Amino acid sequence: MSEAAPGATAIHAAYLLSSVLFILGIKGLSSPKTARDGNLLAAVGMLIAIVATLLDRQILRYEVILAGLVLGSAIGAISARAVQMTAMPQMVALFNGSGGGAAALVSALEYVQLARTAPTVPLDSGITILIGALIGAVSFSGSIVAFGKLQGIFTERAITYPLQKVVNSLLLAGILALGVLVLAGMGGTTAFYAFLGGCLLLGVLAVIPIGGGNMPVVISLLNS
């Protein structure tokens, strides 16, 4: 068995360190006294993971990535200082929605890339892509609705209509059916985009029946 290259060993060590920092960060978030330090540890862990991934993937051009990193950091720092504590749930909802949207977008781009190079997407990759798209899209649209309710853009009351649970169940069944089509290589990108659209709609329909007073709980669930 050949020994791992020094560079690969360093990358693996960076990922391990990131995992430890994530665990410590989550533990710190369990108490208001340690939440700030926990958030900082998790942020450092994420930065290490990003840098390790960029080095590991041998990316040729870093300009756009660095621009996004600088711009995103500036937006986060300014927002965290400017937003009042009473509006913190809204900010968390937007940040959470942004993360979900990014995950869904990455899943979509990965699917399109694989679909261009192979008649069918490999099963393991396809399942991972679909799960990422499902969770990301539901988190994105649900978080946007939660933000709107907390901000007063949408009505804060619970919005219900007849056969709501039946409609949501049928929508979920349709999403699962489209996922099976995508994995079977049937329907092409149209089936995948329909799957993604259904996931976005599911996020909206799952949150609108919940009143504004429970939105912080909803945001926590979406963030998990």
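Coordinate-derived values only; no laboratory data. The model shown is predicted, which means the values in this text are computed figures rather than measured ones. No Cβ is skipped: glycine too gets one built from the backbone with ideal geometry, and neighbour counts run over all protein chains shown.
Put the Cα centre of the range 9-55 next to the Cα centre of the range 202-216 and the gap is 30 Å. Taking amide H as placed 1.01 Å from N in the peptide plane, the amide H of Phe154 sits under 5 Å from that of Lys149, each at least 5 places away or on another chain.
Residue-wise HN-Hα couplings along the range 209-217, as the Karplus relation 6.51 cos²θ - 1.76 cosθ + 1.60 with θ = phi - 60° gives them from phi, are x, 9, x, x, x, 9, 4, x, 5 Hz; Gly and Pro carry x.
Thinking of the chain as a set of Cα atoms, what percent of all their pairs are more than 31 Å apart? Could the numbers behind the result be given before it?
On the way: 8524 of 24976 pairs.
Value for the chain: 34 percent of Cα pairs lie more than 31 Å apart.
Label positions at Val204 and Arg157, each projected 7 Å from the Cα along the C-beta direction, are separated by 2.1 nm.
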